[in-house]
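The next block holds one structure in the form of C-alpha cells; read it before the comments.
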Amino acid sequence: MESDAIRRVVDTWTDQYLELGALDWVNHVLIFENRGAMMGASNPHPHGQIWANQQLPNEPARELRHQQAYADCGGCLLCDYLALELKEQERLVCQNDQFVALVPFWAVWPFETLVLPRRHHGALPDLSGGEHDGLADILRRLIRRYDRLFAVTFPYSMGFHQRPTTGAEHPEWHLHAHFYPPLLRSATVRKFMVGYELLAQPQRDITPEDAARRLRDLPED
C-alpha cells in the first residue's frame, strides 16, 4: 500500500476510535493488526481488528500507571524518552517531521519497535491532517524495512495504545504504537519464550542498538 492508501486507513481508525469511545460503557478502544500465519492470522493479507472494552486491559493499565506516576513528578514520560532517543541516535530506525520509529531499550522481541508522534498527543483524533499523513508515511517505511530484513512478508502484531475513553482528559497519556514481530535470526527462526523467560524475565537475543541498526540500514524502496 502507498502512503495515500494507508492514510485512508488511519482516518478510519480515527473515526472508529471516536465512534466506539463515545459509547457510555466503552472505556478503552484497542486498534490492532495481525500479519502472517506465524501470528495466527487466518487471512493471508494483513488485517486489523478493533476491540472495545468496558475495563482497561492489563497492558494499557500498566502503561497508564507509569505515565501518571511520571506526570506527578512533572513532564510526560514518552515525550522525555523520545527526546533522549533523538539525542542519542542509537536506537532510531526511521523518522519524518511528525513521527519517529525506534527500538526501545526495554524491547523483549528481537525486532520490536515503538512508533511515537513528535508532539504530545493522547489519541489519533488529536493529530492534525499533516500528522495523519506523517503516520501513514512512517508505517509504510517501517513495514517495508521489516519486509527487507529477511526478504519475506514480515509477520507481526501491531497496535495503538491511546488514552482511555473514560471521559477523563488523561493529559499524561502519549499516543504510541507497538510492533511485536516474532522472527529472530531468519525467516524461519522464531523467538520463543519458555523456561526462564516465562518464569523469571525475558532475555534479549540481540541488543536494541543492533536491531535498530539492521532495520535502519535497509533500503525503503
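The values are calculated or read from the model by the stated rules, or taken from the named source; none is laboratory data. Note that the structure is a prediction, hence the values are computed from the model and not measured. Backbone-built Cβ (ideal geometry, glycine too); neighbour counts: all protein chains shown. Heavy atoms of the whole protein, side chains included, go into the accessibility calculation; ligands, DNA and RNA do not. Shrake-Rupley method; radii C 1.70, N 1.55, O 1.52, S 1.80 Å.
What does the helix-only formula give at 222 nm for the chain: each DSSP H stretch with n ≥ 4 adding -39500 (n - 2.57), the total divided by the residues, and the result rounded to the nearest 500 deg cm²/dmol?
Computed mean residue ellipticity for the chain: -11500 deg cm²/dmol.
With +1 on each Lys and Arg Cβ and -1 on each Asp and Glu Cβ, how big is the dipole of the range 60-122 about its Cα centre, in debye rounded to the nearest 20?
It works out to roughly 120 debye.
Between Gln201 and Glu88, how many nm apart are label points set 7 Å from Cα along the C-beta direction?
1.6 nm
Gaussian network model of the chain, Cα springs within a sub-10 Å range: biggest mean-square fluctuation belongs to which of Leu135, Leu124, Leu23?
Leu23
I need the helices of the chain that pass two filters: whole DSSP H segments spanning 30 Å or more by Cα along the axis, and mean Kyte-Doolittle score no lower than -1.0.
129-149
Can you tell me the dipole magnitude for the chain around its Cα centre, using point charges on the Cβ only (Lys, Arg +1; Asp, Glu -1), in Debye to the nearest 20?
Once rounded to the nearest 20, the dipole reads 740 debye.
What is the Cα radius of gyration of the chain over 2.2 N^0.38 Å, N being its residue count?
Compactness ratio reported: 1.00.
Please give the direction-averaged projected area of the C-alpha convex hull for the range 1-90, in square nanometres with one decimal. Display every interim value, and only then the final one.
Details: hull surface 36.1 nm².
Average projection, Cα convex hull of the range 1-90: 9.0 nm².
Take the solvent-accessible surface of the protein heavy atoms, probe 1.4 Å, and return the percent of it on the chain that carbon and sulfur atoms account for.
The C+S portion of the solvent-accessible surface of the chain is 53 percent.
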